[in-house]
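The values are calculated or read from the model by the stated rules, or taken from the named source; none is laboratory data. Note that this is a predicted model, so its numbers are computed, not measured. A quick note on method: Cβ atoms are made from the backbone with ideal geometry, for glycine too, and the neighbour counts reach across all protein chains shown.
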Protein chains: 2
Amino acid sequence: MENKIINLGIFGFGVVGQGLYEVLNRTKGINARIKKICIKDPNKSRPIDSSYFTTDKNEILEDPTIDVVVELINDTEAAFDIVSTALRNGKAVVSASKRMIAENLPALYELQSANKVPFLYEASSCASIPIIRNLEEYYDNDLLNAVEGICNGSTNYILTKIFEENLSFETALQQAQELGFAETDPTLDIEGYDPKFKLVILLLHAFGTFVKPEEVYNFGIHHLNDFDIQFAKQRNCTVKLIAQCRRQNGSVFAYVLPHLVKEHNLLYDVYNEYNGILLESAFTDKQFFVGKGAGGTATGSAVLSDISALLYNYRYEYKKIKQNNQPNFTNDVKLKVYLRYKTPDQVDLAEFFNISEKYESPEWRYVVGTINLQKLKDAGWLKKKDVNLLVLE
Amino acid sequence: MENKIINLGIFGFGVVGQGLYEVLNRTKGINARIKKICIKDPNKSRPIDSSYFTTDKNEILEDPTIDVVVELINDTEAAFDIVSTALRNGKAVVSASKRMIAENLPALYELQSANKVPFLYEASSCASIPIIRNLEEYYDNDLLNAVEGICNGSTNYILTKIFEENLSFETALQQAQELGFAETDPTLDIEGYDPKFKLVILLLHAFGTFVKPEEVYNFGIHHLNDFDIQFAKQRNCTVKLIAQCRRQNGSVFAYVLPHLVKEHNLLYDVYNEYNGILLESAFTDKQFFVGKGAGGTATGSAVLSDISALLYNYRYEYKKIKQNNQPNFTNDVKLKVYLRYKTPDQVDLAEFFNISEKYESPEWRYVVGTINLQKLKDAGWLKKKDVNLLVLE
């Protein structure tokens, strides 16, 4: 598409959509213009001219002059419908909908392949960090061992405020919401679903392995209390919500879990809404990427990077799928964890391989021990609000 | 070239060449094999079969079955001759020779363009960090303000040992040499020439601006003494050798200078032979890349990434050159510096705009003040071994 002006049809005009509009307006080198924006509510007041807007999706999907569909809406089902129709209609698609993508990766992979059109989604994982592109383009030849990091800006903002400024969980969450880093319903963030969707996408581009979100265990920071925070501080640690996937004996395991992180760890210094990703490979040891993980223009900028890449006919090659030596997914891995609870009946310590520390007080109890990830995933007792878990390094 | 096996002709079999050989051997997904390696000394004992080797460059350059020439030698003139002949002969070229590339960028740009062959050189800047590829592919649309970082592994190793383990400069340098991070003649590293060559390459891919190495001022860590180290420590700082290029009023300035770096700066935590690059842009704020900046397999891995990219017909687009709105290069920028000397006749303080601190003792004197970068570049007095300079944040 080089040297021609591409016409964009955008779905959604929330934080990211408006960020994209702003970024596009201030960037001179990109030959792309917005032709139409499809929104749900025609009566909402908008900061730009009303002629841009429509409520009819077919004004974009069936307009032959629109080259690229940019999908930025929150409704997972509607998003999948839009993206798959656009791909079938031969349009290139850019999307930022991590949940929709994570839940439909095999179908979307087939669609972009069968219709021979590019489908790019850099903004869906870690916003401004070009991690998918780097995993695709740069780490295809290396013996990648692990992708590990902080890929949820709002929980990282909350944890930073708790550990650096001694704010309460509630105040920190409210601040994150006011700054636009956290959704009005923060469940997906604080329970670790949002980083899990990103992890499922990264897993495919890192190792070529398709995994369903429900196969991956996530436990967030929603049970974190003052006792846990003291425990971390006494050990000169902070807490970070870590998403990781890692090779082990020819398989790959993955999870999203809160970790106790020591000061020497590069992830310790990733603050506020920033995201940080550590890649470990056989030849280059550790590589580390840091960038803003939330916010309209940071995410809009990632969307625009995809649009710009389309101008140069870029598409994901999915080389690791094609190389056909993907590791299998497993939850069979031992983790050393801190498990905090109130009364012994709340947890099942028999699930542990071993327990190395045990603490009791009238308020709280904890053990430090080793347990299988699959046991944690199956454990009903982790749903009890008196019970919290932290992975130890 | 997808799905065919590509034949490599390699020039040089030193640390990087052997690193490439090892990386290539252990990577299954790459359809590339070494056909011939051209070396200077046929009598040197080599770890691999002698049938690989030749001393006749034409056995590679004129072999029509060799698709890709990989240039990994130390001799700048010979390297340019090899690379330009290969490009003229229609072969794709991968090179790690930062000095040769930095000194010949306009000619090399013309050659790859005129002969329509790819010329890739990711390993020439920051070894394992995919910074050129990211500047090319990902930051073309963003309003990039600055590229700043540590891009010399051996000086960073030396500075780490000085500040973290209180080693002397000489002991730290010797360790770096023993570990293969520093050359036998370390002048290019410790005087800041090596990071300057990298900076000249990054400047082109960041902003589209061609600059000759001699236009860019570099001052290394060769004058650093115990007094300077104490000065830094008293201010809770470390010293890092920083290469940076930065937009300012429509122009771009660049330099390699030792900086006083505070603990909150992300570059503070880049230790040993690691490199770290901070990108600043209008929309994504800061982005940070960290990875190994020296060592055979880290650099070999970057070379292999370029070879792998060739399999997918990748080449640098040099979009920022083509967009034709490059900033001009300038040395007209004010810097706040610490200048240490022994006697007043050794420096010319009249060159400063202003001086905010002045210190005298029988052993050493220093001033803190503001001075123009062009004045520093022209100042003969910075060559005196009693005089040292540190940029303040």
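For the stretch A:81-103, the candidate set comprises residues that are polar (S, T, N, Q) and buried (at least 24 other Cβ atoms within 10 Å of the Cβ); within that set, the residue that is modelled with the highest pLDDT is A:95. Restricting attention to the stretch A:315-347, the residues that are among the acidic types (Asp, Glu) and in a loop (DSSP other than H, G, I, E, B) add up to 2. Of all residues in the stretch A:267-299 being more than 14 Å from the chain's Cα centre (by Cα), more than 7 Å from chain B (Cβ to nearest Cβ) and assigned to a helix (DSSP H, G or I), which is nearest to residue A:244 (Cα to Cα)? Result: A:267. Can residue B:332 be described as within 26 Å of residue B:226 (Cα to Cα) and not hydroxyl-bearing (Ser, Thr, Tyr)? For residue B:332, the condition - within 26 Å of residue B:226 (Cα to Cα) and not hydroxyl-bearing (Ser, Thr, Tyr) - is not met.
Here is a yes/no grid of residues against (1) over 22 Å from residue B:74 (Cβ atoms); (2) within 14 Å of another protein chain (Cβ to nearest Cβ):
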{"residue": "B:14", "(1), (2)": "no, no"}
{"residue": "B:19", "(1), (2)": "no, yes"}
{"residue": "B:24", "(1), (2)": "no, yes"}
{"residue": "B:29", "(1), (2)": "yes, yes"}
{"residue": "B:37", "(1), (2)": "no, no"}
{"residue": "B:46", "(1), (2)": "no, no"}
{"residue": "B:52", "(1), (2)": "no, no"}
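Only residues that are out of contact with any helix residue (DSSP H, G or I) (no Cβ under 7 Å at 6 or more places or on another chain) and surrounded by fewer than 24 Cβ atoms within 10 Å (Cβ to Cβ) were counted in the stretch B:193-219, giving 4.
Condition (residue is under 20 Å from residue B:131 (Cβ atoms), surrounded by 16 or more Cβ atoms within 10 Å (Cβ to Cβ) and at pLDDT 95 or above) applied to the stretch B:230-237: is it met by at least one residue? No: the stretch B:230-237 contains no residue that is under 20 Å from residue B:131 (Cβ atoms), surrounded by 16 or more Cβ atoms within 10 Å (Cβ to Cβ) and at pLDDT 95 or above.
Considering only residues that are surrounded by fewer than 16 Cβ atoms within 10 Å (Cβ to Cβ) and either touching a Pro at 6+ places or on another chain (Cβ under 7 Å) or more than 14 Å from every other protein chain (Cβ to nearest Cβ) (or both), which ones fall in the stretch A:316-333? Once the filter is applied, which keeps residues that are surrounded by fewer than 16 Cβ atoms within 10 Å (Cβ to Cβ) and either touching a Pro at 6+ places or on another chain (Cβ under 7 Å) or more than 14 Å from every other protein chain (Cβ to nearest Cβ) (or both), the stretch A:316-333 yields A:328, A:332. Residues in the stretch A:157-171 that are surrounded by fewer than 20 Cβ atoms within 10 Å (Cβ to Cβ) and hydroxyl-bearing (Ser, Thr, Tyr): A:168, A:171.
The listed residues are A:59, A:71, and the only one of them that is closer than 23 Å to residue A:311 by Cα, modelled with pLDDT of 95 or more and crowded, with 22+ Cβ neighbours inside 10 Å turns out to be A:71.
With respect to the stated conditions, residue B:306 is among the charged types (D, E, K, R), within 10 Å of chain A (Cβ to nearest Cβ) and buried (at least 24 other Cβ atoms within 10 Å of the Cβ). Only one of the listed residues (A:158, A:150, A:129) is within 19 Å of the chain's Cα centre (by Cα) and at pLDDT below 95. That residue is A:129. Residues that are among the small types (Gly, Ala, Ser) and in contact with a strand residue (DSSP E or B) (Cβ under 7 Å, 6 or more places away or on another chain) were ranked within the stretch B:264-295; the one that is modelled with the highest pLDDT is B:276.
Go through the stretch B:300-314 and give me each residue that's outside any helix (DSSP H, G or I) and touching a Leu at 6+ places or on another chain (Cβ under 8 Å). Of everything in the stretch B:300-314, just one residue is outside any helix (DSSP H, G or I) and touching a Leu at 6+ places or on another chain (Cβ under 8 Å), namely B:314.
If you check B:68, B:23, B:83 for being touching a Gly at 6+ places or on another chain (Cβ under 6 Å) and hydrophobic (A, V, I, L, M, F, W, C), only one passes: B:23. Going by the structure shown, is residue B:135 touching a helix residue (DSSP H, G or I) at 6+ places or on another chain (Cβ under 9 Å), within 14 Å of chain A (Cβ to nearest Cβ) and in a helix (DSSP H, G or I)? Here the answer is yes, as residue B:135 does meet what is asked.
Given the criteria touching a residue at least 40 places away in the same chain (Cβ under 8 Å) and away from chain A (no Cβ under 13 Å), does residue B:128 qualify? Considered against the rule, which asks whether it is touching a residue at least 40 places away in the same chain (Cβ under 8 Å) and away from chain A (no Cβ under 13 Å), residue B:128 comes out as no.
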